[in-house]
Each structure stands twice: as C-alpha cells, then as structure tokens.
Amino acid sequence: MPPDDLSPGAFDPLRPRLLRIAYRMLGSAAEAEDVVQEAYLRWHQTDRTAIRDPSAVLVRTVTRLCLDVLKSARVRHEQYMGTWLPEPIVEPLEGDDLTLTLMMALERLSPLERAAFLLHDVFGMDFDEVARAIGRDPAACRQLASRARGHVRDARPRFPVTENQGRELASAFFTATRSGDVGALQALLTQDVVLYADGGGKTKAALHPIYGLEKNLRFAAGIFQRMGPDASRLVYEGKIDGLPGFITAEPDGSWQSTALAIDAGRIVAIYITRNPDKLRALLRTLGLETPS
C-alpha cells in the first residue's frame, strides 16, 4: 500500500485489527466502533505524504483514544448499577485467546498496564512499537506488561477443558437450571463458584456477585420457583467471549447471555449479561429479533 494512499476501501483491511485492539482495551463493542471511526476521521485529516507505516500510526491513534476513554470508563464502572461485565461477543477474535475471565482480570489493571500487555502479548507488537503507542519508554513498557501478565496468569484455568467438554457442560448447566434439578447443578459447580450478573439497572439481575456453592444453589432454586420449567428459550449455543455458553430468550421479554468459566471439569464462574444495551451488538450479529 503506498504510504500516501489510504482510501476508504484501503482502510477496510486494517479495520478488523483496530476493532480487536479497541474492544480488548475497552470491553465494549460499541465504544470500540466509535474509537475506530474517530481514528479513521483523524487519519483523513492528516497529511499522509510522509507516513511510511499507516498501520502503526492507526494502532497508535486507536490506543491513545482508548486510553482517553478508559480514564472516564473507570468512573462509569464505579457508578454502574450492579456488576459491570465486558460486552459479550460470539465471533472469535483471530489469534486472541483472551476469555471473558481474563478480560475481567485486565479490568483490575491500570490503563497503561492493560495497553502494554494487549499490544505486546496479544497483538505481537515489539516494545519499541508499544512505547510509541502509549508514550512511555520501552523499559517501562516491559514492566507494565510484566505486571499485567501476572494478573492474567493467575486468572487462567489450571486444567482447561476441550471445546466438546465445554459444550457438554454448558448444555448440562442449561438443563439443570431450567429443570430445577439442584442435584445435577451441584455436581457441575465447584465449592467456590461465583456468579456475576450484569443488568446495568435496565433489567432484573443480581446486584452483587454470588459467592459459593450453597448460595448459588439457593439462587438457582429461587429463580426456578419464580419462572417454572422450560421458561427460557435457547437461541444460541457456543463460545461467548471465548467461554462455553448460550443465549436465551426469557419469558419477561428480555435476552440473556450466559458464559461459563470451567476448570478441571467443573464450573468455577458464571457470567450472565442481561443489560439490553450490552446485548444489542451481539443480537445483531446473530440476526435475532425481539423475543416472542
């Protein structure tokens, strides 16, 4: 690609990579789209005749825009009603093994730590490139990425399951919760299982994480008693942010995505997203309409 030529058509091959970076930085597909569009507009307002590597310039622009967004995002997350979860996606991100669990670990990092780790460890940029992107020297970027790497390493499952095992466990979890079979559900969960539910104040959801096997069994039993058998309609089974899961149409007219973190054959964490704003892009991807 000539360095002074980035027509709208030529921008398209770069867009997926820029969107992946922005989404992993922000945890929001909608905000990632906004950031990439802003980078695109800024590019076309720039004198490009001296630019030799458009991809590097655009990655740097997207990263810095994301860092700006993250400054205000931390305040929004603190003011968020209930638990905040990253926006779920079902399309795999090529060359990216970050799951929803690992993205939650990244949420505990500073914006610069998150950027250094993602750009180097996930997107394969060398530390000189990372330094130019985030405005720090390479040595500082190595330290930032190293600290982030420790958090991510601690969040990885010790004994990950195969894709088939994950699918079978997700199916069994759906059946147990929708049939009221507490015994079957108990066999699927670890003693220290935790449930996170994100309703964003827009729909009913547990406001705080639910910790431990007994509390989760009581919570599931209470949901079943209120909703009854076969209350949910299964509309999608597969990976959600890299984890086994499913999407359901609920009897109250809402949608719900459920993703399961699994270690050594049992479910260690349950991630439920019910906030309709966070499900909009996912439902559009799957071609789903308002549940009937």
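Checking each residue of region 182-190 against the condition of being of a type in the set (A, V, I, L, M, F, W, C), touching a residue at least 40 places away in the same chain (Cβ under 8 Å) and part of a helix (DSSP H, G or I) gives at least one match. Every listed requirement among (1) over 26 Å from VAL90 (Cβ atoms); (2) in contact with an Asp or Glu (Cβ under 8 Å, 6 or more places away or on another chain); (3) of a type outside the set (S, T, N, Q) is met by ARG218 save one, (2). Scanning region 210-240 for residues that are in contact with a strand residue (DSSP E or B) (Cβ under 6 Å, 6 or more places away or on another chain) and in contact (Cβ under 8 Å) with a residue 60 or more places away in the chain returns LEU234, TYR236, GLU237, ILE240. None of GLU214, GLU168 is over 25 Å from the mean Cα position of the chain (by Cα) and open to solvent by 40 Å² or more (accessible area, probe 1.4 Å) except GLU214. Between a residue in region 11-23 that is within 19 Å of MET103 (Cα to Cα) and any residue that is not in a helix (DSSP H, G or I), which pairs come within a Cβ distance under 6 Å, given they are 6 or more apart or on different chains? Correct list of pairs: ARG20/LEU93. None of ASP252, ASP230, ASP277 is farther than 18 Å from ALA176 by Cα, open to solvent by 60 Å² or more (accessible area, probe 1.4 Å) and modelled with pLDDT under 90 except ASP252. When we screen GLU107, GLU87 for residues that are of a type outside the set (Phe, Trp, Tyr), closer than 21 Å to THR258 by Cα and open to solvent by less than 20 Å² (accessible area, probe 1.4 Å), the only hit is GLU87. For region 190-200, residues that are closer than 23 Å to GLU87 by Cα and over 19 Å from the mean Cα position of the chain (by Cα) total 1.
Consider region 125-156 and keep the residues that are within 21 Å of the chain's Cα centre (by Cα) and open to solvent by 60 Å² or more (accessible area, probe 1.4 Å). The one that is nearest to LEU106 (Cα to Cα) is HIS151. Among the residues of region 176-202, those that are of a type in the set (Ser, Thr, Tyr) and surrounded by 14 or more Cβ atoms within 10 Å (Cβ to Cβ) comprise THR177, THR190, TYR196. crowded, with 19+ Cβ neighbours inside 10 Å, in contact (Cβ under 8 Å) with a residue 40 or more places away in the chain and part of a loop (DSSP other than H, G, I, E, B): does that describe ALA205? When the stated conditions are applied, ALA205 passes them.
The values are calculated or read from the model by the stated rules, or taken from the named source; none is laboratory data. Just so you know, these numbers come straight off a predicted model, no measurement behind them. Glycine gets a Cβ as well: all are built from the backbone with ideal geometry, and neighbour counts include every protein chain shown. We work out accessible area using only protein heavy atoms, side chains counted, and drop any ligands, DNA or RNA first. Shrake-Rupley method; radii C 1.70, N 1.55, O 1.52, S 1.80 Å.
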